[in-house]
1. Got at least one residue in the range 100-109 being part of a strand (DSSP E or B), in contact (Cβ under 8 Å) with a residue 24 or more places away in the chain and under 13 Å from the mean Cα position of the chain (by Cα)?
2. Output the residues belonging to the range 27-39 that are in contact (Cβ under 8 Å) with a residue 40 or more places away in the chain and within 17 Å of residue 68 (Cβ to Cβ).
3. Go through the range 30-39 and give me each residue that's in contact with a helix residue (DSSP H, G or I) (Cβ under 8 Å, 6 or more places away or on another chain) and not in a loop (DSSP other than H, G, I, E, B).
4. Which condition number does residue 72 fail, the rest of (1) surrounded by 16 or more Cβ atoms within 10 Å (Cβ to Cβ); (2) touching a helix residue (DSSP H, G or I) at 6+ places or on another chain (Cβ under 9 Å) being met?
5. Please work out which one of (1) touching a strand residue (DSSP E or B) at 6+ places or on another chain (Cβ under 8 Å); (2) without any contact (Cβ under 8 Å) to a residue 60 or more places away in the chain; (3) not in a strand (DSSP E or B) is the condition residue 42 fails and give its number.
6. Testing residue 24 on (1) more than 21 Å from residue 81 (Cα to Cα); (2) surrounded by 14 or more Cβ atoms within 10 Å (Cβ to Cβ), one condition comes back false. Which one is that?
7. Report whether or not residue 90 is surrounded by fewer than 17 Cβ atoms within 10 Å (Cβ to Cβ) and modelled with pLDDT of 95 or more.
8. If you scan the range 72-88, which residues turn out to be in contact (Cβ under 8 Å) with a residue 12 or more places away in the chain, more than 16 Å from residue 60 (Cα to Cα) and touching a strand residue (DSSP E or B) at 6+ places or on another chain (Cβ under 9 Å)?
């Protein structure tokens, strides 16, 4: 699915089975709640939210939902992410476990602060 070009997040989500669509919509809503000023886009073939640059990406995979909050978003929540597969800038939420939407919101809020402060420091 990743090499297909999507026009928007709705089109991306529509390509998945209903149970996966539900999870993707809930992640999308958690991001919107935490970053109401962010704009939606498709970047790297994935749903992306932008605010002064890329904020976060997410995508569905065979056995997990990938959430990509950059390395700082993973590092800042290391303790709370124990039990999840992580790498430098990504988190895997297994499809057979509940997604911690409240944690997604916290991570996005941190990324909003980071991206807004990045803009301020560039303006100086």
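1. no
2. 27, 30, 31, 34, 35, 38
3. 30, 31, 33, 34
4. All conditions pass for residue 72, except number (1).
5. If we test residue 42 against (1) touching a strand residue (DSSP E or B) at 6+ places or on another chain (Cβ under 8 Å); (2) without any contact (Cβ under 8 Å) to a residue 60 or more places away in the chain; (3) not in a strand (DSSP E or B), just (3) comes out false.
6. Tallying (1) more than 21 Å from residue 81 (Cα to Cα); (2) surrounded by 14 or more Cβ atoms within 10 Å (Cβ to Cβ), residue 24 fails exactly one: (1).
7. no
8. Within the range 72-88, 73, 74, 77, 81 qualify.
The values are calculated or read from the model by the stated rules, or taken from the named source; none is laboratory data. Everything quoted here is computed from the prediction, not taken from an experiment. FYI the Cβ positions are ideal-geometry reconstructions off the backbone, even for glycines, and counts take in every protein chain you see.
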